[in-house]
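The values are calculated or read from the model by the stated rules, or taken from the named source; none is laboratory data. All values derive from a computational prediction rather than experimental measurement. Cβ: placed from backbone, ideal geometry, glycine included. Neighbour counts: every protein chain shown. These area figures cover heavy atoms from the full protein model, side chains too; ligands, DNA and RNA do not enter into them. Shrake-Rupley method; radii C 1.70, N 1.55, O 1.52, S 1.80 Å.
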Amino acid sequence: LPAVYSLDGLLVFGLLLVCTCAYLRKVPRLRTWLLSERRGVWGVCHKAAVIGTRLHVVVSVSCLLMAFYVLVGK
């Protein structure tokens, strides 16, 4: 529970959200079902998917750096 209130826990959650939504955007049936709404809770998922697909290099490097930090730095 203390990891929820730390900055690195919040960054891990954000990266996982962006990566998951970007992956779900690649599945055609899920894209029309989940990510078609642009407002509300599903709008956050839509925006995270757009960030994940447009900045895929930055997101993947951030995931690698965060994984290194969690495994070695902590």
A careful count of residues in segment 5-38 that are over 11 Å from the mean Cα position of the chain (by Cα) and of a type in the set (G, A, S) gives 3
Expected output for segment 42-67 (first residue touching a residue at least 12 places away in the same chain (Cβ under 8 Å), partner among the charged types (D, E, K, R) and open to solvent by less than 60 Å² (accessible area, probe 1.4 Å), Cβ below 7 Å, 6+ apart or cross-chain) is A49/R25; T53/R25
